[in-house]
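One structure below.
Any read-out appearing in this document is the output of simple, stated calculations on the displayed coordinates, not a laboratory observation. Since the model is a prediction, treat every value here as computed from it, not as a measurement. Cβ sites come from the backbone with ideal geometry, for glycine too, and all protein chains shown count toward neighbours.
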Amino acid sequence: MIQSMTGFGKASMQLPNKKVTVEIKSLNSKGLDLNVRMPSAFREMELSLRNRVAQKLERGKIDLSIFVEVTGEETSSKVNVPIVKAYINQLREVVAGDQTELLKMAVRMPDALKTEREEIDEKDWAQIEEVIEQALVNINSFRVTEGIALEKEFLVRISNIMSLMKQTVAYDSERIENVKNRLQNAINELQVNVDENRFEQELIYYLEKMDITEEKVRLENHLNYFMETLAGNEANGRKLGFITQEMGREINTMGSKANHAQMQKLVVQMKDELEKIKEQVLNIL
């Protein structure tokens with residue numbers, strides 16, 4: 001079953017003094033492009049976190065954000081009392097004022113607040129990892145759902161191409177007869193004697209150059225292979241992309257050989273269906 005690279009996953013957990021929320025967003029990308037936003041206190045865990053995300057999501061332009069909201073009384077920022085007192089004393093030398101007003105000015109000055117670096121609590125991080133894991137599960141579930149929708153669309157497009165190809169082949173005998181008549185009429189207009197055997201040989205050679213049987217067989221094989229790959233269990237977006245390239249080559253060759261207005265219209269429709277497939281294949285993991 002295919003998966004889309006587009007997805008969103010969110011999970012949260014309430015800890016004793018804080019609430020942790022993890023959000024993961026993913027868009028299509030040729031490789032893994034991971035951007036992590038997390039509190040500085042957890043930065044030393046970023047490398048292991050990146051490895052985990054890479055294993056779970058494989059490809060995509062991924063934004064992972066960890067938000068920590070303090071809900072208890074603890075805080076990592078504290079008033080730098082000696083510095084604030086020093087500022088107040090200096091301000092008194094500049095201007096006489098109310099103690100409260102001087103305090104308001106002092107706390108706005110540089111270094112009035114000091115932030116103590118939090119040490120990672122192993123128990124807290126273990127719980128945060130659970131939230132991250134749940135967010136990864138949620139985004140993968142989203143990707144699977146999107147993949148199911150894309151698979152349905154692919155099957156419709158493949159069926160359309162198959163139908164158009166059969167319609168194209170149905171015009172083949174009419175096209176061949178038109179070519180024979182056109183060549184015969186051209187010779188008659190020239191009013192020259194032509195060796196019938198030589199004419200037949202040249203006609204057969206010319207018609208062989210216009211024959212689309214091989215292209216039809218190869219295109220049909222590519223269409224079937226595309227559907228087989230869709231049903232596989234592995235991440236196969238790149239493989240599907242390669243198959244669509246091969247399908248495009250066969251459709252283009254059929255168009256160049258067609259030499260028949262209605263067949264060329266059908267080829268254009270096949271190209272249109274294939275382009276819609278190519279656009280969505282870029283979203284496949």
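A few notes on this one:
- In this structure, Gln167 and Ser29 have a Cβ-Cβ separation that, at R0 = 41 Å, corresponds to a calculated FRET efficiency of about 0.60.
- Put simply, the amide H of Leu34, placed in the peptide plane, has neighbours under 5 Å in Ile62, leaving out anything fewer than 5 places away on its chain.
- Here the spin labels are modelled as points 7 Å beyond Cα on the Cα-Cβ line, and at Met45 and Glu220 they lie 5.8 nm apart.
- Summarising the strand pairing of the chain, around 80 percent of its internal DSSP beta bridges are antiparallel.
- In this rough spin-label picture, where each label sits 7 Å from Cα along the Cβ direction, the Val95-Asn178 distance is 9.2 nm.
- In the chain, the DSSP-assigned H stretches of four residues or longer account for a calculated mean residue ellipticity at 222 nm of -21500 deg cm²/dmol, using -39500 (n - 2.57) per stretch and the full residue count as denominator.
- Residues in region 259-285 reached by a label modelled at Glu153 [backbone nitrogen below 20 Å; 7 Å Cα→Cβ]: 269-285
- Residue-wise HN-Hα coupling along region 271-285, computed from phi with Karplus coefficients 6.51, -1.76, 1.60 (Hz; x: Gly, Pro): 4, 5, 5, 5, 4, 5, 5, 4, 4, 7, 4, 4, 8, 8, 4
- The angle between the Cα long axis of helix 196-210 and the longest principal axis of the Cα atoms of the chain comes to about 10 degrees, rounded to the nearest 10.
- (i) 26.2; (ii) 14.7; (iii) 17.4, with the label sought being that of the calculated mean projected area of the Cα convex hull in nm²: (i)
- 3J(HN,Hα) along region 93-102: 6, 8, 8, 7, x, 5, 4, 5, 5, 5 Hz, from the Karplus curve 6.51 cos²θ - 1.76 cosθ + 1.60 with θ = phi - 60°, whole Hz, x for Gly and Pro.
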